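Here is the structure we will look at, set down as structure tokens.
The values are calculated or read from the model by the stated rules, or taken from the named source; none is laboratory data. Predicted, not measured: the structure shown is a model, and the values here were computed from it. Here the Cβ positions follow ideal geometry from the backbone for every residue, glycine too, while neighbour counts run over all protein chains shown.
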Amino acid sequence: MTQGECNCGTVSFEIDTKMTDIYICHCSICRRSTGGTGIAVSIVRKDKFVWLSGEDSIKTWTKPNHDWQTSFCEICGSSLPGINDAQNFYIPVSLLNSRQENLKVKHHIFVGSKASWEIIGDDAKQHNEFLLE
Ligand SMILES: [Zn+2]
Ligand SMILES: [Zn+2]
């Protein structure tokens, strides 16, 4: 079991599967949302994920005329897991409480809009926009 929580601890969750792959999105919306180089997430099937606390403190915001949506704690503002697609949640991996030696960056997406000052230093695959598999 892997657990994670927001900065204030109100919202917490548990994942019952081993995550291995990290996707980092460098798009301008994720960068503005985090104030950094983007967001690092892992993808988990919905039936392997459960909220432990604080579900009523989760707020979402959808960018107008866009399908980009963020979920965040209404108290501390931390980014939270959200709906990736019909079967999966995305999990911002920095919310996890324990060291995750099994996690490794697998794909960088929207590298075409990364910050001019960011230098990507790993050997994960880089994609200009979406990951097309
Ligand atoms: Zn919080
Ligand atoms: Zn993005």
Complete set of residues in segment 52-76 that are surrounded by 12 or more Cβ atoms within 10 Å (Cβ to Cβ), away from ligand 2 (no atom under 15 Å from the Cβ) and either in a loop (DSSP other than H, G, I, E, B) or of a type in the set (A, V, I, L, M) (or both): Leu52, Gly54, Ile58, Glu74, Ile75, Cys76
Hits in segment 77-90 (condition: of a type in the set (Ser, Thr, Tyr) and not in a strand (DSSP E or B)): Ser78
Test: residue in segment 2-13 that is surrounded by fewer than 18 Cβ atoms within 10 Å (Cβ to Cβ) and more than 16 Å from ligand 1 (Cβ to nearest atom): no
So Ile43, is it among the β-branched types (Val, Ile, Thr), surrounded by fewer than 19 Cβ atoms within 10 Å (Cβ to Cβ), under 13 Å from the mean Cα position of the chain (by Cα) and within 16 Å of ligand 2 (Cβ to nearest atom): yes
Val93 vs. criteria over 14 Å from Ile22 (Cβ atoms), more than 16 Å from ligand 1 (Cβ to nearest atom) and out of contact with any helix residue (DSSP H, G or I) (no Cβ under 7 Å at 6 or more places or on another chain): no
Pair list, Cβ < 6 Å and 6+ apart or interchain, from segment 35-51 residues that are more than 15 Å from Val93 (Cα to Cα) to residues that are modelled with pLDDT of 95 or more and among the charged types (D, E, K, R): Lys48/Asp16; Val50/Glu14
The listed residue being within 16 Å of ligand 1 (Cβ to nearest atom), within 16 Å of Arg32 (Cα to Cα) and in contact with an Asp or Glu (Cβ under 9 Å, 6 or more places away or on another chain), out of Ser78, Ser71: Ser78
Subset of segment 20-51 that is assigned to a strand (DSSP E or B) and touching a helix residue (DSSP H, G or I) at 6+ places or on another chain (Cβ under 8 Å) - its residue that is farthest from Glu5 (Cα to Cα): Ile22
Residue, surrounded by the most Cβ atoms within 10 Å (Cβ to Cβ), within segment 99-111, restricted to residues that are in a loop (DSSP other than H, G, I, E, B) and at pLDDT 95 or above: Phe110
The one condition in (1) within 16 Å of ligand 1 (Cβ to nearest atom); (2) of a type in the set (Phe, Trp, Tyr); (3) without any contact (Cβ under 8 Å) to a residue 24 or more places away in the chain that Phe130 fails to fulfil: (1)
Looking only at segment 112-133, and only at residues there that are at pLDDT 95 or above and within 24 Å of Phe72 (Cα to Cα), the one that is surrounded by the most Cβ atoms within 10 Å (Cβ to Cβ): Lys114
Residue count, segment 105-133 (criterion: in contact with an Asp or Glu (Cβ under 7 Å, 6 or more places away or on another chain) and more than 11 Å from Tyr23 (Cβ to Cβ)): 1
